[in-house]
Amino acid sequence: MISKLNLENILFLDIETVPETQYFSDLDDVKQDLWASKTQYQRKDEFTPEAFYDRAGIWAEFGKIVCISVGYFNINREKRRFRVTSFYGDEVKILKDFKNLLMSHFNTAKHLLCAHNGKEFDFPYIARRMIIKDVELPHKLNLFGKKPWEVAHLDTLDLWKFGDYKNYTSLKLLTNVLGIPSPKDDIDGSEVCRVYYEENEIDRIVIYCEKDTIAVAQIFLRLRGDSLLTKDEIIHI
């Protein structure tokens, strides 16, 4: 029962990713061929590999992380606060700073990570990028040899499925049906690449990422039957 979980033991998170280079032509010939092969099924005959490259951020082998936003609860004498912060800039620094947070504050058996579609995207993406960038995996992301019940990951999409594995519900749709303010009031995931490479506005991406993190926490509260966070309870640090 998620209602029995201690909110202070959960780290809520969201990541934003972009293609590893701005242009397909910036990849070497081998990487271009690998991209063409990797995406052949998705592209079919509708797109060339180059035309499809703006979606490369979806794959950890061809993308990179530009922001990880995290949020956690602090509850003291019935006063509830949700603190939000972000790691952005150089990808290796992002990964190392996130790892240090896990190792120093969310490294025991009671601690859990929570994201929307995290089991299919955020958690494996971060782990793969850490390995690619030679950053040692923290315990919470190292799943080698672990049994399913030993994996300390929560997923609001998974919780919403209620066992229906045919169903996918976006964060935007789920916030709408649950009466939660939408985090997609400026940009959405499809625009992150353009905002990053063409407009160089990382601050907009950070704000967007933090709104998604807050939305994940809000969904989790609704699934527990708890009251939603108010603006006064959200602290940006």
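No value in this document is a laboratory result; all are computed from the given coordinates. In this text the structure is predicted, and so the values were computed from the model without any measurement. We place every Cβ from the backbone using ideal geometry, glycine too, and count neighbours over all the protein chains shown.
Label zone (Asn107, point 7 Å along Cα-to-C-beta; backbone nitrogen cut-off 11 Å) within the range 132-148: 138-140. In this simple spin-label model, placing a label point 7 Å from the Cα along the Cα-to-Cβ direction at both Ile58 and Arg194 gives a separation of 1.8 nm.
What list do you get for Phe47, Phe162 if you sort them by fewest beta carbons within 10 Å? Intermediate results must be reported in sequence, preceding the final value.
On the way: Phe47 14, Phe162 7.
Taking fewest neighbouring Cβ atoms as first place, the list is Phe162, Phe47.
Just need log10 I(q)/I(0) for the range 1-141 at q = 0.16, 0.18 Å⁻¹, Debye formula, equal scatterers on the alpha-carbon atoms, no solvent, rounded to two decimals. Computed log10 I(q)/I(0) values: -0.87, -1.02.
Starting from the Cα of Ser25, move 7 Å in the Cα-to-Cβ direction to define the label point; list residues of the range 42-61 whose amide nitrogen is under 18 Å from there. Only 48-55 pass the distance filter.
Helix 29-38 against the longest principal axis of the chain: what's the angle in degrees, Cα atoms only, rounded to the nearest 10? The helix 29-38 is inclined about 60 degrees to the chain. Shown for His139, His116, His105: other C-beta atoms within 10 Å of each C-beta, ranked fewest to most, produce the order His105, His139, His116. Sort the chain into rounded, prolate or oblate with this rule: let a ≥ b ≥ c be the square roots of the eigenvalues of the Cα gyration tensor; rounded if a/c is under 1.5, and if a/c is not under 1.5, prolate when a/b is larger than b/c, oblate otherwise. It comes out prolate by the Cα gyration axes. Sequence-ordered 3J(HN,Hα) estimates for the range 225-237 from the Karplus curve with 6.51, -1.76 and 1.60 and θ = phi - 60° stand at x, 8, 6, 6, 5, 9, 4, 5, 8, 9, 10, 8, 10 Hz, glycine and proline given as x.
By how many nm would the segment from Glu78 to Ile131 grow when fully extended, if each residue of separation counts as 0.36 nm and the alpha-carbon distance is taken off? The partial results should precede the final answer.
Working: separation 53, 0.36 × 53 = 19.08 nm, distance 4.09 nm.
Gain in length upon complete extension: 15.0 nm.
Given axes a ≥ b ≥ c from the Cα gyration tensor, I'd like to know whether the range 115-237 is rounded (a/c under 1.5), prolate (a/b larger than b/c) or oblate. Please list the in-between numbers first.
On the way: a/c = 1.67, a/b = 1.08, b/c = 1.55.
It is oblate, given that a/c is not under 1.5 and a/b is not larger than b/c.
Take every Cα pair under 8 Å in the chain that's 6+ residues apart, average their separations, divide by the length, and report that relative contact order as a whole percent. Answer for the chain is 27 percent.
Arranged by the count of other C-beta atoms within 10 angstrom, fewest first, what order do Tyr168, Tyr72, Tyr197 take? Mind showing how you got there, number by number?
On the way: Tyr168 12, Tyr72 22, Tyr197 15.
Ordered by Cβ neighbours within 10 Å, fewest first: Tyr168, Tyr197, Tyr72.
Stokes-Einstein at 10 °C, 1.306 mPa s, Kirkwood radius from Cα pairs: D for the range 64-116 in µm² s⁻¹? Answer, rounded: 127 µm²/s.
So what is the relative contact order for the range 96-213, in percent, with contacts set as C-alpha pairs under 8 Å and at least six apart? List each step's numbers first, then the result.
On the way: 80 pairs, mean separation 26.5, N = 118.
With pairs under 8 Å counted, the relative contact order is 22 percent.
Modelled spin-label separation between Lys96 and Phe144, with each label point placed 7 Å from Cα along the Cα-to-Cβ direction: 2.2 nm.
For the range 28-102, the calculated P(r), taken from all Cα-Cα distances in 10 Å bins from zero up to the bin holding the longest distance, is 16, 30, 22, 19, 9, 4, 0 percent. Principal-axis analysis of the Cα atoms of the chain puts helix 202-224 at an angle of about 50° to the longest axis. Relative to the longest principal axis of the Cα atoms of the chain, the long axis of helix 91-105 lies at roughly 20 degrees.
Under the definition of Cα pairs under 8 Å and six or more residues apart, what whole-number percent is the relative contact order of the range 152-220?
Details: 41 pairs, mean separation 25.1, N = 69.
After rounding, I find 36 percent.
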